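Asker: Structure in C-alpha cells, see below.
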Amino acid sequence: MSQSEDKVSENSAEKKQPRQPGENEQGNGSSGPILLLFIVGLVISLIIGWVIFPKLLYSQKKQPIDFNHELHNQEVDEGCISCHFFREDGSFAGVPKNEQCAGCHEEVLGESTDEAILVEEYIAKDKEIPWLIYSKQPDCVFFSHAAHVKMAEMGCKTCHGPIGKSTSLKMYEENRISGYSRDIWGKNISGIKKNEWDRMKMNDCAACHKEAASAKASASKRSPQLFFDLLAMVFPDAGKPQKTEACFVCHK
Amino acid sequence: MKIDRRSFLSFIIGGAAGTTLSPLPWKLMDDMSIWTQMWPWTPVPENGEVSYANSTCTLCPGGCGISVRLIDDRPVKIEGTEGHPVNDGGLCVMGLSGLQLLYGQSRVKGPMKRVGKRGEKNWEQISWDEAISMVAEKLDELRSDGESHTLSCISGSDQGTVPELFKRFLDAYGSVNFTRMPSIDDSYELVLKLMHGVEASAGFDVENTDFLLSFSSGILEGWGSPVRMFSANGSWKKSGGKVVQIDSRLSNTAAKADHWIPINPGNEVVLALGLAHVIIKDSLYNKEFITNYSYNFENWKRVVLNEYSPESVEKVTGINKTIIRALAKDFAGAKKPLAICGKGQGKNPGSTSEFMAVHALNALVGSINTDGGVWAVDNDKQNYIQWPDVKKDSVAESGAQRDRIDGAGTENYPYTRYLPNRFIENINSSNESLVKLLFVHGANPYYTLPDTHNVRKAFEKIPFIVSFSSYMDETALNADLILPNHAYLERYEDVPRTRSFNRPIIGLSKPIIEPQYNTRHSGDVIITKEKKMGGSIAAALSWENYEQCLQETLGDKWETLNENGFWVDETFKVPGWKNAFKTPTLKCDFSYNELFSLPHFCILGIKGDDPSYPLALIPYDSMRLANGFIGDPPFVIKTVEDTVLKGKDMFVDINPDTAKKYGLVEGSKVILKTPNGELKVRVHLFEGIFQNLVAAPRGLGHTGYDKYISGKGANVNELIGTFEDPASGHDAAWGIAAQLIKV
C-alpha cells in the first residue's frame, strides 16, 4: 500500500515541477497579445460599424431629373406652397405632378438636358416623374401637413431644411433594408443632429411635441396636484394623456 | 505570435465591445423593425387627391346611386349617394364590393374566340376587327339563307338604350326573338295589363305604408330595390308600421317581421283569397273604390265567398282560421295597407292567379295608386327613347311576321311579353334548329335560369353563341365568341327603371375609370356591326357611336343626369283612381275567366308527384348571396355563414324532425335528389322550416369567373325544374319534389 502511495506522490511532484515555468511564461508574455488583439478587435469593429456599415447600408440613387429649387423659387410668388400646395379639402399635395410642371414646361425651355428629359420623356408622354422622396415615411405614419403648417404655423424649413435654396438635388441614398431615404435617420450615422431638419425619426417628432406640450402646461398655470403629478411621472400615459402625444395621433 | 484560445476570445470581446460602441446593432435593429412592417406584399394605398364621382350601380335591378371615391384617377371605394331617391346614402354588401369585380381576375380582357370544345376554357385572343367581322359574316350568311329569324338575343333588361339598340338591330335584321331574363316584373306587368289595361311597371309606395303584408317576398333578402327596402323597413320600425310575413321558412324577413305566418308553400293564392273573403263578408272593403272603379266585382265576389271561407283556407294552407280572420281585419283596418308578392328576391315570375289575387286584395282596400299603395308607373312616362321607326327591307318584313320562338304574344299567351323558359324548352323539343345565332347581353342564363340541365341542352343545339359579358361567367364560358363589354364602372349606360320604385326615374351609369382592358361598349359594337352590314340595317342607326346616341336620346335630361347621376320625374304625383284604368270599361277589372279565358284561380303544384320524392325542395335567397348575372365576389362570400357554406360544401336547411327520420345530424352529408338531378350537400338543422321541406340557398356553385368566385357550393338551379303557369306561360315553379339520401 505505502509503496504505491509513495509512487503516486512522486509522480505528482515530478509533474508539478515542469509546469511552473510554463505558467510564468503565460502570465508575463501573453498579456501583450491579449490586449493587442482586444484592441485590434475593437478597432476593426469600430471601423466596420462607423465607416463600412453605413457605406454598405445605403445604395445611391440618382433622381430622374435634377431640379433647381432656388431657380423655381424665384419664379413663383407664394414660395414653397406655389408648387407644394394644399388641396381644396385641406390635404397636402406633396410632390407636384406633371400637371403643375406642364403649366410652364409644355415645351422645352433653355438648353439643359434635364429640361429636355422632362418635356420629352415625361410631359409629352403624360407619364408622372418617379421622384425619389427624401422625406417619405412608412404608411403607418399619419402626418398632417395642415396641422403643422396651417394650424401651428410652422415653416417648411423647420422639418425640410433650406431645400428651397438648393440649386440641385442631392444623391438619394436608399436604406437597403427599410427602403427609406437616409434623411429619415439622418446623414450622421450616430443619429446626432445639428439642425432640426437633420433627422425625421419618431423621437424628433416627439421632442418638439413634448416641448409644445410642456409650454402649454406651464402657460395654463394649473395649481399643483401632487398625486396626479406623481402619477404622471410614473405612468406618463396614465391620467389625462396629452392629445398630441398619444400613439394613435401618428400611428394609424 | 501564436494565437491561442484566450487571445482569440480577447479579439472577439474587443470586436463585440467595438460593435456595441458603433451604431451598427442599433441602426440594424431599427431598420429591421421597419422592414418587418414594410414587406413588399403588404398593400399600401397610394396617396393622392381624393374626389368622388356619382354613378348608378347596375349589379342588380335596384338602381342605387353610387358615389365612387377616387384617389387621383383610381376608384378605391364605392359608397351610396347621399340624397339619392332610391338609396339615400345606403348601399348593399354587393354594391360595396363592386371594385373587386372591376379589378378582379374574372374580367374578359379582350375579344376572344373559342378554340377547343365549349366550356373547355380554351380561348384565342383576337382583334376587335376580326371579332366583329366574324359576327357580321355569320349574320350575312343567315340573312342570305332567309333565316334571319333564327337570330335571338337574351338580355338582362329590355329598357334603356343598350337593350333598345339590340332590339332595333333585331328588328332591322329580321328577327322578333328578343328575350328578357325572368323576374317578378313579368308577372306584375301582366297583372297591370289585365286589371288596369296599361303597359306599366308596378311601383310600391313602401315608405308611406303602415301595414305591409308580404306573401313570401324577401323584404330583407333583396326583393325590389334592396337598399330602399331595408331603409323602408327601418322607417316602419320607427313609425309603428306593421309587417306581416307569410313564408314557409323563417327567413331574415320573417324573423324581423312583427308577425311570421308559416304557410305550406305554393298556397299563397288561397290565403290571399281567404283574406278577401273575410274582408268582403265583414264589409271591410273600400266602398268608394269598389263602387266606382271596379268592374265585374260581383262575379269575383261570388267565387271568393263560395270557395274561400277561412275554414276551407285553413285546410289548404295550414293556417288557423282565427289567424286568417284577425289578419284580414288588421289589413283592412290599417290606414295604408299594402300587400306584395314575388318570392324571395323576385328573381322568378310566379303564378298569375297569385299575383292577381294579391293585387285584388290591394284593390279591395283601395290601396291602388294611393299613398302607401301599389302604383302603376306608366312606362311611357319615362320613355325618352323616341327613335324613328325602323325602315325594314323585305327580309326584315318577313322576319317580323313570324311568331316568337318562345310563343309569347301568340294566341296561347296573348299578354305575355317574354318567356325564356319556353324559349329553352322549344329549342330542345324542336327537330329543327330554331336558333342559329344567339346574343347574350347583361345576363347569365347558363347559370341563373332554372333547370340548368335543359338550358345546357338548348345551348348545345345553338351553333353559334356570342356573349357580351365583361366577366368570364358561365354563359361566356360556353359561348363561341366573347365581345367583352366595359365593366359597369367603365361605361356610360342609362338605367331607366328601378325595380319596385314608384316614380319614373332614370339613372346614369358613368365611366369612373378608363377601361382597364381591351374591351368595347356593347352599344358601340352594335352600331359598328350595323355599319358593316350596310343597307337598311345601317340606316336604322345613324349614330357615330354609342355616347352620341345616348346623349341625343336623353336630350335635355343629359345634363341633369351627368351632374346628379339620376333624373326623377318631380311632376309625377300619386296617380289616383280617376282616369287610371285603360281597360275597355275604364275600371279596375276583377274578371278572370270571361274576358281573358284564363283558368280559374289555381294552386300550382311542383314537378314530380312520384311517391319516391316525399319532400319538396325550395330555393331561398339571401342578401349575402348574389344570384343575378354576377356571382359573389370575395368580400361578399366572406359574409356567408358556415351553416350555408363551409369550405366548398353547401348546406341545405331541414327540420330536426326530418333529420331524425333520416338519421341525420348537423352537418351530415347527403345526396339531395330531385327529378332533375342530384347534388352532394350537407344538412343544417333548422327549426324554422316545415318537416316536408328542404331549403337550399340560391347563388352558389359557380363554375365560371375566377378561383375566388367559382367552386363554392352547388347551383340549386341544377335541381329545380320549370313549372309552367297555365295562364301566362311564365315559369311559376316555387320548388320541386325531392328526396334525401344519406351518404
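The values are calculated or read from the model by the stated rules, or taken from the named source; none is laboratory data. Computed from a predicted model, the values in this text were never measured in an experiment. Because the Cβ atoms are built from the backbone with ideal geometry, glycine has one as well, and the counts that use them run over all protein chains shown.
Asker: If you take just the helices (runs of 4 or more DSSP H) that sit entirely in the range A:90-208, which of them hold at least 2 residues that are polar (S, T, N, Q) and either within 22 Å of A:Asp66 (Cα to Cα) or in contact (Cβ under 8 Å) with a residue 12 or more places away in the chain (or both)?
Answerer: Qualifying helices (runs of 4 or more DSSP H): A:98-105.
Asker: Next question, about the same structure. Can you find a residue in the range B:398-413 that is of a type outside the set (A, V, I, L, M, F, W, C) and in contact with a strand residue (DSSP E or B) (Cβ under 7 Å, 6 or more places away or on another chain)?
Answerer: yes
Asker: Still on this structure: I'm told A:Met202 meets every condition in (1) within 12 Å of the chain's Cα centre (by Cα); (2) modelled with pLDDT under 90; (3) away from chain B (no Cβ under 14 Å) except one. Can you identify the failing condition by its number?
Answerer: In the conditions (1) within 12 Å of the chain's Cα centre (by Cα); (2) modelled with pLDDT under 90; (3) away from chain B (no Cβ under 14 Å), A:Met202 misses (3) alone.
Asker: Taking the range B:375-397 as the search range and keeping residues that are closer than 14 Å to B:Val198 by Cβ and outside any helix (DSSP H, G or I), which one is modelled with the highest pLDDT?
Answerer: It comes out as B:Trp375.
Asker: Moving to a separate point now. Determine, yes or no, whether A:Tyr58 is away from every other protein chain (no Cβ under 14 Å) and among the aromatic types (Phe, Trp, Tyr).
Answerer: No, not satisfied.
Asker: Need at least 1 residues that are in contact with a Gly (Cβ under 8 Å, 6 or more places away or on another chain) and within 14 Å of chain A (Cβ to nearest Cβ) per element, so show me which helices (runs of 4 or more DSSP H) inside the range B:1-107 make the cut, counting only ones lying wholly within it.
Answerer: B:5-21, B:24-37
Asker: Still on this model: Taking A:His72 as the residue in question, decide whether it is within 30 Å of A:Lys150 (Cβ to Cβ) and either surrounded by fewer than 17 Cβ atoms within 10 Å (Cβ to Cβ) or of a type in the set (Asp, Glu) (or both).
Answerer: yes
Asker: Sticking with this structure for a sec: Sort out for me the strands (runs of 3 or more DSSP E) sitting completely within the range B:415-523 that have 2 or more residues that are more than 18 Å from the chain's Cα centre (by Cα) and assigned by TED's automatic domain parsing to the domain that holds B:Phe166.
Answerer: B:437-441, B:464-467
Asker: Of the residues A:Ser223, A:Ser168, A:Ser214, A:Ser218, which is polar (S, T, N, Q), at pLDDT 90 or above and either out of contact with any Ser or Thr (no Cβ under 6 Å at 6 or more places or on another chain) or closer than 30 Å to A:Glu115 by Cβ (or both)?
Answerer: Exactly one of A:Ser223, A:Ser168, A:Ser214, A:Ser218 is polar (S, T, N, Q), at pLDDT 90 or above and either out of contact with any Ser or Thr (no Cβ under 6 Å at 6 or more places or on another chain) or closer than 30 Å to A:Glu115 by Cβ (or both), namely A:Ser168.
Asker: Moving on. Conditions: (1) in contact with a Ser or Thr (Cβ under 8 Å, 6 or more places away or on another chain); (2) over 23 Å from B:Pro420 (Cα atoms). B:Gly699 meets all but one. Number of the miss?
Answerer: Every listed condition holds for B:Gly699 apart from (2).
Asker: Scan (1) of a type in the set (Val, Ile, Thr); (2) modelled with pLDDT of 95 or more; (3) surrounded by fewer than 22 Cβ atoms within 10 Å (Cβ to Cβ) for the single condition B:Val198 breaks and write down its number.
Answerer: Here B:Val198 meets the rest and fails (2).
Asker: While we're looking at this one, here's another question. Looking at this structure, is B:Asp371 within 29 Å of the chain's Cα centre (by Cα), among the acidic types (Asp, Glu) and not assigned by TED's automatic domain parsing to the domain that holds B:Asp451?
Answerer: Considered against the rule, which asks whether it is within 29 Å of the chain's Cα centre (by Cα), among the acidic types (Asp, Glu) and not assigned by TED's automatic domain parsing to the domain that holds B:Asp451, B:Asp371 comes out as yes.
Asker: Output the number of residues of the range B:679-696 satisfying the condition of being surrounded by fewer than 17 Cβ atoms within 10 Å (Cβ to Cβ) and in a strand (DSSP E or B).
Answerer: Of the residues in the range B:679-696, 1 are surrounded by fewer than 17 Cβ atoms within 10 Å (Cβ to Cβ) and in a strand (DSSP E or B).
Asker: Now for a different question. Within the range B:553-570, identify whether any single residue is more than 28 Å from the chain's Cα centre (by Cα) and either surrounded by 21 or more Cβ atoms within 10 Å (Cβ to Cβ) or without any contact (Cβ under 8 Å) to a residue 24 or more places away in the chain (or both), and answer yes or no.
Answerer: Within the range B:553-570, one or more residues are more than 28 Å from the chain's Cα centre (by Cα) and either surrounded by 21 or more Cβ atoms within 10 Å (Cβ to Cβ) or without any contact (Cβ under 8 Å) to a residue 24 or more places away in the chain (or both).
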